[in-house]
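The structure appears right after this line, and notes come after that.
The values are calculated or read from the model by the stated rules, or taken from the named source; none is laboratory data. As the structure is a computational prediction, the values presented were derived from the model and not from experiment. FYI the Cβ positions are ideal-geometry reconstructions off the backbone, even for glycines, and counts take in every protein chain you see. Surface areas here come from the heavy atoms of the whole protein model, side chains and all, with no ligands, DNA or RNA. Shrake-Rupley method; radii C 1.70, N 1.55, O 1.52, S 1.80 Å.
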Amino acid sequence: MAGLLQPQILIPLITAFLYALAIIFLKRALQEGTGSWRVTFVCNMVMAAGYQVCWAVHTQPFSATGAMHAALAGCTFFSGQVFTFLALNRGDVSVVTPILGTKVIWVAGFSMLLAGRALSPHLWIAVFTTAMGAAILGYQPGAHPRRVALSIGAALATSGSFGLTDVLVQKYAPVWGFGSFIPTMFLGVGVLSLGFIPFLKGSGWAPLWLGTGAVMLAAQALGMAFAIATFRNATMTNIAYNTRGLWSITLVWMFGHWFRNTERDQGTRAMLLRLAGAGLLVTALFIASS
């Protein structure tokens, strides 16, 4: 238990809860008629503007190489955001969110390719336990195959994009400094998001759901970036972060009706199956922290 209280695990555990809660708010915004592009645009702009406060802890001189690496990370993060909301438009929160747990596999692979970081045997066990949990969560009896395929495909693309982002942050943020790299990275995300403006016409705002969800999403993303840049162990951080799958199922099951979320109406069996898959994700966390 003491291992779980280490900052490198505790921080992503907290951000996992914030992520699951943020996604429920944003899913409600989508249900209220806020288009996917508007949700993505608002979330990205909140991050781009809010993270500029990181310049307050800026300690390194300007680096063209550092700025280039930050811009690259911004591009991969931006693509991940796009795929996130496409996945949410097609699928259920309690399925899409846990499927994003496959990101740890991408992180492990990219860590070896780009960061030269070898994983210990127990971390590999944790990685593949996570994959098994995600596979169980993706099983939806009776659902339309095309709908399931599109939502899971978008979620997997999200995982790959964010996995590469995490490894880029792990590798390059400490070199230039967190206070320089992160605001530059998300300034790039904001610039790319301006391309959504032509697609914002005709969709609603749902300001309560969209605003609250966007702020929560920004807070958890900053926490994850800090944990990865500080502790430089993106794989371990993501194994802890995968508890967002468990949180998403718990929140939907217990409080989803408050947000007009009808996923639990699919029946106790379906939710228990998803809970079993999420349980494997939690098991992976204990294996990784042992």
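When Val252 is tested against (1) modelled with pLDDT of 90 or more; (2) more than 28 Å from Ser120 (Cβ to Cβ), only condition (1) is not met. Every listed requirement among (1) under 29 Å from Phe255 (Cβ atoms); (2) modelled with pLDDT of 85 or more; (3) surrounded by fewer than 20 Cβ atoms within 10 Å (Cβ to Cβ) is met by Asn89 save one, (2).
Being more than 28 Å from Val127 (Cβ to Cβ) and assigned to a helix (DSSP H, G or I) is a property that holds for Val215. Here the helices (runs of 4 or more DSSP H) wholly within segment 53-132 that include at least 1 residues being basic (Lys, Arg) are 64-90, 103-114. Within segment 195-206, one or more residues are modelled with pLDDT under 85 and assigned to a helix (DSSP H, G or I).
Filtered by the rule that a residue be in a helix (DSSP H, G or I), more than 14 Å from Ser248 (Cβ to Cβ), open to solvent by 20 Å² or more (accessible area, probe 1.4 Å) and modelled with pLDDT under 90, segment 11-38 gives Leu30, Gln31, Trp37.
Only one of the numbered conditions (1) more than 21 Å from Gln170 (Cβ to Cβ); (2) at pLDDT 80 or above is not met by Ala143, and that is (2).
In the set (1) modelled with pLDDT under 85; (2) surrounded by 21 or more Cβ atoms within 10 Å (Cβ to Cβ), Lys171 fails one condition alone, (1).
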